[in-house]
Amino acid sequence: MKGQVWKFGSNVNTDEIIPARYLNSSDPAELARHCMEDLDADFMKKFHPGEIIVAGENFGCGSSREHAPLALKAAGVAAVVAASFARIFFRNAINIGLPIVECPAAAAATDQGDALDLDLARGAVKNLTKNLSWPVAPFPKEMQDIIAAGGLMNFVTKQAKGK
Amino acid sequence: MSSHTITEKIIAAHAGRAEVNPGDFVYAGVDIALGNDITAPIAIREFEAAGVTKVFDPARVALVPDHFTPNKDIKSAEQSKILRDFAHKHKLTHYWEVGEVGVEHALLPEQGVVGPGDLVIGADSHTCTYGALGAFSTGVGSTDLAAAMAIGKVWLKVPSTLKFTFTGTLDPWSGGKDLILHTIGQIGVDGALYRAMEFTGPVITQLSMEDRLSMCNMAIEAGGKNGIVVPDAITREYVKDRLERKAVYYTSDADARYEKCYEWNVTGLGPMVACPNLPENVKPVGELKDVVIDQAVIGSCTNGRLSDLRIAAKILKGRRVFKGVRCLVIPATQQVYLDALREGLLEIFVQAGCAVSAPTCGPCLGGHMGILAAGEVAIATTNRNFTGRMGHTQSQVYLSNPAVAAASALTGKITHPAEV
């Protein structure tokens, strides 16, 4: 997947990804309208579906709210590349099928507006603007199984039916 | 089977393994799966969309409508109704209506729903609180909750453990909150990312259960997977007569492997305050004398228990909240409310000019019941001070223990409790 980059810093927290004042709804489309609002009030006016978020350390820290990856997914964020992810955000993204890539080198070298090319199957991040590329370590097999099934609930129900 | 931490032993026991090591990937059985009025609606939607018709065990799913309750608007009422209908449909043992409900992480330990040796997951990041009881307890997302409600299991990567040893003598104005703020200040908001945080040492073994709960509550603010204290006599005394299942007491082996060990002598460590906008921006209270506040909040899953209200009442007794400051007191559960009422604490608060509310998470997450305007500043006994956490993005939150919050309410500035 190819997309233009929206760059953020470290410790982007779930209150910034989707502020708690909107959590009286769990409708992904409604949540998506307020994505990243407290970091950049006009973000959703400028963002185009298919673009990629790149951030520093500990992306998605704070609350466990799955509304955060849901809002990003519904907004059309193709993937999030970060130096590291907070653990609950990480598992939520795996569980709902929001593509995430942990790659500190790519996160450090990539700037706002760069074009990235992600090959998740082969484990590679390319910065087309800067003509750089980095390998990405694959997820453990157990996590790949969840992703391949299309998310945790699919994985679990398929297993239950297979019994 | 030796050389393991308490965290590794509890996970192994629930995964049906003789032992597990850091990095192992397991599916572990859960003793309690928890959700609230924000996270459970998504879990219930996922559960039903997958065509699952029964929860794995109606006694092992806990639904706690505590965030936007008593319902703040029509949308939140609809969210709560999803929990209520699901709880009734599946005949859940652990569902509490407004009037019975409290802040989840104060309520579940108090009611004996969680206890030593348990493996608990909750679709709320502060689920790590129950590690104070000697449980493995961690926050997950709504889909994890949906899967756990269906099959009674959760996927886990076994964390390595960081050991925090506290020695010396605890300052009379400091408590578990100050120890954990100090810890986060030292290691940062991702200093324990994916790790277990084990709290130990002579200061911890003398620490009350309510202080231990405050400490483990904020493990997530250092990125931790869980916080944990090896159970002891204080644990046994706390769970006696309240735990609904049998406690299993695990301990860490003397030769258990830790990724890193920290040891701090906390003698002379006075009250600590986390400054905006991250819990790692920790300073001694004395360095913040010039910070003027508009609001003080005493409550939450971190510090809304009876001992917290007792500390606040001792400071507020016979005095008045500073003119122009709003002081909110939120007992974390109905039992805390009733105990505070019987002890005369609520009368002290009302006479001091505090607003006392029904149990709710309310202002902690900027939900309702005490939202800040642009430019306003709060001191709060809560656990997070991110940008806009309690309201407007240009408002600010300082985190402290209840004594500092109460003292600051009296002076209108961040104040050491010994000075009032």
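For this structure, a couple of remarks:
- In the set B:Leu83, B:Leu34, only one residue is in a helix (DSSP H, G or I), more than 9 Å from chain A (Cβ to nearest Cβ) and not charged (D, E, K, R); that residue is B:Leu83.
- Number of positions in the stretch A:87-133 that are assigned to a strand (DSSP E or B) and out of contact with any Pro (no Cβ under 9 Å at 6 or more places or on another chain): 10
Listed here are the residues, each with its yes/no results for (1) under 23 Å from A:Glu66 (Cβ atoms); (2) in contact with a strand residue (DSSP E or B) (Cβ under 7 Å, 6 or more places away or on another chain); (3) more than 10 Å from chain A (Cβ to nearest Cβ).
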position: B:His126; (1), (2), (3): yes, yes, no
position: B:Ser137; (1), (2), (3): yes, yes, yes
position: B:Thr161; (1), (2), (3): no, yes, yes
position: B:Leu170; (1), (2), (3): no, no, yes
position: B:Ser174; (1), (2), (3): no, no, yes
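- B:Leu179 touching a helix residue (DSSP H, G or I) at 6+ places or on another chain (Cβ under 8 Å) and free of Cβ contacts under 8 Å to residues at least 60 places away in the same chain: no
- Within the stretch B:99-110, the presence of at least one residue that is within 14 Å of chain A (Cβ to nearest Cβ), at pLDDT 95 or above, in contact with an Asp or Glu (Cβ under 8 Å, 6 or more places away or on another chain) and crowded, with 24+ Cβ neighbours inside 10 Å is confirmed.
- Residues of the stretch A:18-37 satisfying the condition of being at the interface with chain B (Cβ under 9 Å from one of its Cβ atoms) and small (Gly, Ala, Ser): A:Ala20, A:Ser25, A:Ser26
- Some residue of the stretch A:39-61 being within 18 Å of B:Ser76 (Cα to Cα) and surrounded by 19 or more Cβ atoms within 10 Å (Cβ to Cβ): no
- The residues on offer are B:Leu193, B:Leu179, B:Leu243, and the sole one that is closer than 18 Å to B:Thr302 by Cβ and at pLDDT 95 or above is B:Leu179.
- Going through (1) away from chain A (no Cβ under 12 Å); (2) small (Gly, Ala, Ser); (3) farther than 23 Å from B:Glu210 by Cα; (4) touching a residue at least 60 places away in the same chain (Cβ under 8 Å) one by one, B:Ala148 falls short only on (1).
- Test: residue in the stretch B:328-335 that is in contact with a Leu (Cβ under 8 Å, 6 or more places away or on another chain), more than 21 Å from B:Asp211 (Cα to Cα), hydroxyl-bearing (Ser, Thr, Tyr) and part of a loop (DSSP other than H, G, I, E, B): no
- Applying the condition of being buried (at least 24 other Cβ atoms within 10 Å of the Cβ) and small (Gly, Ala, Ser) to the stretch B:301-333 and asking which residue is farthest from B:Pro109 (Cα to Cα) yields B:Ala312.
- Condition check for A:Asp119: surrounded by fewer than 24 Cβ atoms within 10 Å (Cβ to Cβ), within 16 Å of A:Gly9 (Cα to Cα) and away from chain B (no Cβ under 11 Å): no
For every residue, the table says whether it meets (1) in contact with a Lys or Arg (Cβ under 9 Å, 6 or more places away or on another chain); (2) assigned by TED's automatic domain parsing to the domain that holds B:Ala378; (3) in contact (Cβ under 8 Å) with a residue 12 or more places away in the chain.
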| residue | (1), (2), (3) |
| --- | --- |
| B:Val230 | no, no, yes |
| B:Arg242 | no, no, yes |
| B:Asn277 | yes, yes, yes |
| B:Asn281 | no, yes, yes |
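- Residue check for B:Gly115: in the same structural domain as B:Arg17 (by TED's automatic domain parsing), crowded, with 24+ Cβ neighbours inside 10 Å, among the small types (Gly, Ala, Ser) and in a helix (DSSP H, G or I): no
- Counting only strands (runs of 3 or more DSSP E) wholly contained in the stretch B:125-238, no element carries 3 or more residues that are of a type in the set (S, T, N, Q) and buried (at least 24 other Cβ atoms within 10 Å of the Cβ).
- Helices (runs of 4 or more DSSP H) completely within the stretch A:15-80 that count 2 or more residues being at pLDDT 95 or above, closer than 23 Å to A:Asp117 by Cβ and within 12 Å of the chain's Cα centre (by Cα): A:67-75
- Flag set for B:Ala28, criterion: buried (at least 22 other Cβ atoms within 10 Å of the Cβ), over 30 Å from B:Ile371 (Cα atoms), within 13 Å of chain A (Cβ to nearest Cβ) and modelled with pLDDT of 95 or more.
- Residue among B:Gly270, B:Gly286 that alone is assigned to a helix (DSSP H, G or I), surrounded by fewer than 22 Cβ atoms within 10 Å (Cβ to Cβ) and over 18 Å from the mean Cα position of the chain (by Cα): B:Gly286
- Test: residue in the stretch B:199-215 that is over 23 Å from B:Pro159 (Cβ atoms), among the charged types (D, E, K, R), within 18 Å of the chain's Cα centre (by Cα) and at pLDDT 95 or above: yes
- Any hit, the stretch B:59-70, residues being more than 24 Å from the chain's Cα centre (by Cα), surrounded by fewer than 24 Cβ atoms within 10 Å (Cβ to Cβ) and not β-branched (Val, Ile, Thr): no
- Any hit, the stretch A:91-112, residues being at pLDDT 95 or above, within 23 Å of B:Asp124 (Cβ to Cβ), among the small types (Gly, Ala, Ser) and touching a strand residue (DSSP E or B) at 6+ places or on another chain (Cβ under 6 Å): yes
- Residue that is farthest from the other protein chains (Cβ to nearest Cβ), among those in the stretch B:38-72 that are charged (D, E, K, R) and either more than 18 Å from B:Thr93 (Cβ to Cβ) or free of Cβ contacts under 8 Å to residues at least 12 places away in the same chain (or both): B:Glu48
- Hits in the stretch B:284-298 (condition: in contact (Cβ under 8 Å) with a residue 60 or more places away in the chain and either farther than 16 Å from B:Asn383 by Cα or touching a Gly at 6+ places or on another chain (Cβ under 8 Å) (or both)): B:Val285, B:Gly286, B:Leu288, B:Lys289, B:Asp290, B:Val291, B:Val292, B:Ile293, B:Asp294, B:Gln295, B:Val297, B:Ile298
- Condition met for A:Gln144 (modelled with pLDDT under 95 and either loosely packed, with under 14 Cβ neighbours inside 10 Å or outside any strand (DSSP E or B) (or both)): yes
The values are calculated or read from the model by the stated rules, or taken from the named source; none is laboratory data. None of these values were measured; they are calculated from a predicted model. Cβ: placed from backbone, ideal geometry, glycine included. Neighbour counts: every protein chain shown.
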